[in-house]
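See structure below.
All of the numbers you see were taken from the coordinates with simple rules; none came from a lab. Note that the structure is a prediction, hence the values are computed from the model and not measured. Here the Cβ is made from the backbone with ideal geometry for all residues, glycine too, and neighbour counts use every protein chain on show.
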Amino acid sequence: MTRGRPRSFDRDAALEQALRVFWQYGYEPASIAVLTDVMGIRPASLYAAFGDKRRLFSEAVARYQATYGAFTTAALTEEPTARGAIERMLREIAANYTDPSHPPGCLVISGAVNHGPDAADVEAELKEIRARGREAVAERLRAGIASRELPQDADPEALAEFVAAVVRGMSRSAQDGATTEELLAVAELAMKACPQA
């Protein structure tokens, strides 16, 4: 039995490079030519290894969530209080979104800001991920209300939407060149708007 020739590239490393291209430029501007050049492979290898650009993007987003974006889930699940979880998440966003070792901002927020009709499903995918993140924040806030850490009349859905809006703004500000310190100040102001029991 003959086996196909092994791939002559590191798939994981190539995916990391593709992730960074999508993160820097967004889905539509990241052409196959740009992707294959950065990944160090030929188009045929991209299609053989990842299927197509659309599937490559979904895989890159999943990798982003499991690596660069994993700190948000950690903050929401590890902190003993809802306020502590939100504060940790916002402070880590300030540091992560401005980290010079990778593109600024958040791939899930900016990956398909402007898109044509052919890429509407890309925005729908990212919108669903953002909605799940917002619901995770709301759930953490509901737990804080139930434990009486937060006021009983607090609105977890409105607060979660507020946090999501702050996060989107922090991502855009980071892309515009905001520093970690500037975003930490935003995080501090946001926490002043979060109610306490």
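This model, with +1 at the C-beta of Lys and Arg and -1 at the C-beta of Asp and Glu, gives the chain a dipole about its Cα centre of some 680 debye. Once you have a ≥ b ≥ c as the square roots of the Cα gyration tensor eigenvalues for region 16-104, tell me rounded if a/c is under 1.5, and otherwise prolate or oblate according to whether a/b is larger than b/c. The shape class here is prolate. Simple point charges give the picture: +1 on the Cβ of Lys and Arg, -1 on the Cβ of Asp and Glu, and for region 67-112 a dipole about the Cα centre of about 80 debye. Between the helical axis of 180-192 and the longest alpha-carbon principal axis of the chain there is an angle of about 40 degrees. Each Lys and Arg contributes +1 and each Asp and Glu -1, all at the Cβ; summed about the Cα centre of region 19-113, the dipole is approximately 200 debye. Just going by the charge dipole of the chain, with Lys and Arg at +1 and Asp and Glu at -1 on Cβ, which of A44, C194, A18 is farthest out on the positive end? Of the options given, the answer is A44. What shape does the chain take by its C-alpha gyration tensor, where a ≥ b ≥ c are the square roots of the eigenvalues and a/c under 1.5 counts as rounded, a/b above b/c as prolate, and the rest as oblate? Here the chain falls in the prolate category.
Each Lys or Arg adds one and each Asp or Glu takes one away; over the other residues whose Cβ falls under 14 Å from the Cβ of R148, this sums to 0. Here region 49-85 is scanned for amide nitrogen atoms under 15 Å from the site 7 Å beyond the Cα of R132 along Cα-to-Cβ, giving 58-74.
Modelled label positions at A124 and S101, each set 7 Å beyond Cα in the direction of Cβ, lie 3.7 nm from each other. Quick one: net charge around I129, please, counting Lys, Arg +1 and Asp, Glu -1 for every other residue with C-beta under 12 Å from its C-beta. Neighbour charge sum, excluding I129 itself: 0. Between the beta carbons of R148 and D52, assuming R0 = 41 Å, the FRET efficiency works out to 0.20 to the nearest 0.05.
Return the FRET efficiency for the residue pair Q196, R42: r is the Cβ-Cβ distance, R0 is 41 Å, and the value is rounded to the nearest 0.05. Efficiency, rounded to the nearest 0.05: 0.10. When the Cα positions of T98, G111, V34 are compared along the charge dipole of the chain, V34 comes out farthest toward the positive end, with charges on each C-beta of Lys, Arg, Asp and Glu.
How much length, in nm to one decimal, is gained on full extension between E181 and D155, taken as 0.36 nm per residue of separation minus their Cα-Cα distance?
6.4 nm
With a/c under 1.5 counting as rounded, go ahead and sort region 92-197 into rounded, prolate or oblate using the C-alpha gyration tensor (a ≥ b ≥ c being the square roots of the eigenvalues; past the cut-off, prolate if a/b is larger than b/c, else oblate). Since a/c reaches 1.5 but b/c is at least a/b, the shape of region 92-197 is classed as oblate.
Considering only P151, M89, V137, and ranking their Cα positions along the charge dipole of region 81-197 that arises from unit charges at the beta-carbon of Lys, Arg, Asp and Glu, the one farthest toward the positive end is P151.
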